Amino acid sequence: MSKNIHTEIDDRGYYGRFGGAFIPEMLHPNVEELRTKYLGMIAEPDFKKEFDALLKDYVGRPSPLYFAKRMSEHYGTNIYLKREDLNHTGAHKINNTIGQILVAQRLGKKRIIAETGAGQHGVATATVCALVGLECIVYMGEIDIARQAPNVARMRMLGAEVRPALSGSKTLKDATNEAIRDWINNPEDTHYIIGSVVGPHPYPDMVARFQSVISEEMKWQLQEHTGRDYPDAIVACVGGGSNAAGAFYHYLNDQRVRLVAVEAAGMGVDTGESAATSVLGTEGIIHGSRTLLMQTEDGQVIEPYSISAGLDYPGIGPLHAFLIDSKRAEAIAVTDEDALAAALFTARTEGIIPALETAHAFAALDQMKYGKDDVVVVCLSGRGDKDLAAFTTYLDGL
Ligand SMILES: *Cc1c(COP(=O)(O)O)cnc(C)c1O
């Protein structure tokens, strides 16, 4: 593990070579307004007070740090679960949407757009729009609309309009393209709530800061549970990388802590049906930032595949590209099959049904080595209610 790497973003929005803001001219005023204002805005006592109060009373934070006794016995180590699944709306996504809706209000925006894969970010965005009374339009790939029907129903119930993305693989990447197109057409009154640590600067940093509440709580919770405020390893699944960024944030420069980023291998890394970006990706630009992405030699994006809609994305956020490239974080790839088995194991060992995305993080535990006194935190990014159809198919096939 290399020492002395600087994980802080620089003034231009780069982590090492990764990041930046590659945007069409039309979006320049919006992104520039955000870039010049976001740090000052979120540091204001008034903003912090409102953000903290909503996280506490509306989201239900702090989320528990739970010692998973039977799972720990199975692996011969000490496993703690950071229970983001217990947040209002069932995942970590709401931490970010609460932050960004407060930003949108302060920018005087009247209309909110978002992209969504599994529908969790769409639901979290529709929720905060209902909370403050703003119009909400969510772009979602046509395939994801079919495989995440319960979340589509929730968004509609909350008053959001769900617009299908019909191009490409009809999944998250395509929904993101549609949202960007909308923003270009409506730059004045619209704020785009990006759902992960991706997109042009300042989004990756802004979203990481809103999600950093996860590791901020972990510090005092670990102190209470174990007598020291850091674990030996943190394991988190990575789609764009926001739950991982939040879980890693306060330990990025603490070399005592192993950071493990878990990607979706889909049918297998070498099958052509995969979303393991750190293995299959090369440097390029996607959705506004320079990062690792799955692309052909002439720069066409390769359609990703994962059973899990939240991990089915051809890129990773620039922070994670940097952490993996600099070897500060290690990447583990997990297949659909192993994720399904891990979801079942987690359900029957701890009585917790994880989201399919999170199940990848649990499956990665099989690929790691530990000492018996180690403390390992798994970021339990979300609950599995939305994935019951996939779990039922899996159970029927056993
Ligand atoms: C969206 C989602 C993810 C993937 O997104 P990240 O930005 O990588 O965190 C992971 N887990 C759950 C439960 C999700 O809803």
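The numbers here are math on the coordinates, done by the rules we state, and not lab data. A quick note: this is a predicted structure, and the numbers were derived from the prediction, not measured. Using ideal geometry, Cβ is built from the backbone for each residue, glycine included, and neighbour counts are taken over all protein chains shown.
A few comments on the model shown:
- Cys residues of the chain that find no other Cys beta carbon under 4.7 Å: Cys237, Cys379.
- About its Cα centre, the dipole of the chain is roughly 860 debye, where the only charges are +1 on Lys and Arg Cβ and -1 on Asp and Glu Cβ.
- Under the membrane-span-like helix rule (DSSP H runs whose alpha carbons stretch at least 15 Å along the helix axis, mean Kyte-Doolittle hydropathy 1.6 or higher), the chain yields none.
- Given R0 = 56 Å, the distance between the Cβ atoms of Gln223 and Arg163 translates into a calculated FRET efficiency of 0.80.
- Cleavage-rule hits, trypsin sites (Lys or Arg not before Pro), segment 55-148, DSSP coil, Cβ neighbours within 10 Å at most 16: Lys110
- Helix-only arithmetic for the chain: the sum of -39500 (n - 2.57) across DSSP H runs with n ≥ 4, divided by the residue total, places the mean residue ellipticity at 222 nm at -12500 deg cm²/dmol.
- Contour minus Cα-Cα distance for Met267 and Asp46 (0.36 nm per residue): 74.8 nm
- Selection of trypsin sites (Lys or Arg not before Pro), segment 346-382, meeting DSSP coil and at most 14 other Cβ within 10 Å: Lys369, Lys372
- Using the Cβ of Ala321 as centre and a radius below 11 Å, the other residues enclosed give a net charge of 0, where K and R count +1 and D and E count -1.
- Taking a Cβ cut-off of under 14 Å around Thr282, the surrounding Lys, Arg, Asp and Glu residues balance to a net charge of -2, with basic ones at +1 and acidic ones at -1.
- Per residue, the convex hull around the alpha carbon atoms of segment 268-371 comes to 112 Å³.
- Each label was represented as a point 7 Å from its Cα along the Cα-to-Cβ direction; for Glu283 and His28 these points are 2.5 nm apart.
- Shape of segment 27-177, Cα gyration tensor, a/c cut at 1.5: oblate
- Low-density loop positions, GluC sites (Glu not before Pro), segment 291-352 - DSSP coil, at most 11 other Cβ in 10 Å: Glu297
- On full extension, the segment bounded by Asp366 and Ala149 gains 75.0 nm, given 0.36 nm per residue less the C-alpha separation.
- Measuring between their Cα centroids, segment 78-100 and segment 8-72 lie 14 Å from each other.
- Cα gyration tensor, segment 72-157 - rounded (a/c under 1.5), prolate or oblate: oblate
- Hydrodynamic radius by Kirkwood, which averages 1/r over all alpha carbon pairs of segment 18-91, in angstrom: 16.1 Å
- Unit Cα scatterers, Debye sum, the chain: log10 I(q)/I(0) for q = 0.09, 0.10 Å⁻¹: -0.46, -0.58
- Alpha-carbon centroids, segment 273-314 and segment 136-161: separation in whole Å: 24 Å
- For segment 341-369, backbone nitrogen atoms closer than 19 Å to the point 7 Å from Phe67 Cα along Cα-to-C-beta are found at 349-352.
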